[in-house]
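Novice: To start, I am sharing the structure in question, which I have written as structure tokens.
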Ligand SMILES: [Ca+2]
């Protein structure tokens, strides 16, 4: 099927686009920031919101994932 071919491409494209894509998926209202209700896990949100302003920016998400050793 058509989608099977996409898997190899998806794996090679893990970084840095994978994080951006994930971020955009989570950012349901498209304002470029993640709020707690857009985040899958509230405790994870607190860890990711480095400056504690109540929103997670792409930079904070990127820093969080690099701290945790995954893209
Ligand atoms: Ca923040």
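Novice: What does the extension gain come out to for residue 31 and residue 44, with contour length at 0.36 nm per residue minus their alpha carbon separation?
Specialist: 2.7 nm
Novice: Could you list 33, 46 in order of exposure, starting from the residue whose Cβ has the fewest other Cβ atoms within 10 Å?
Specialist: Numbers: 33 17, 46 13.
Least to most surrounded, the residues fall as 46, 33.
Novice: Suppose each label sits 7 Å from its Cα in the direction of the beta carbon; what would the residue 63-residue 51 distance come out to in nanometres?
Specialist: 0.8
Each value in this text was obtained by applying a stated rule to the coordinates, not by laboratory testing. Computed from a prediction, not measured in an experiment: that's the story for all the values here. Quick reminder, even Gly has a Cβ in these numbers, built from the backbone with ideal geometry, and neighbours come from all protein chains shown.
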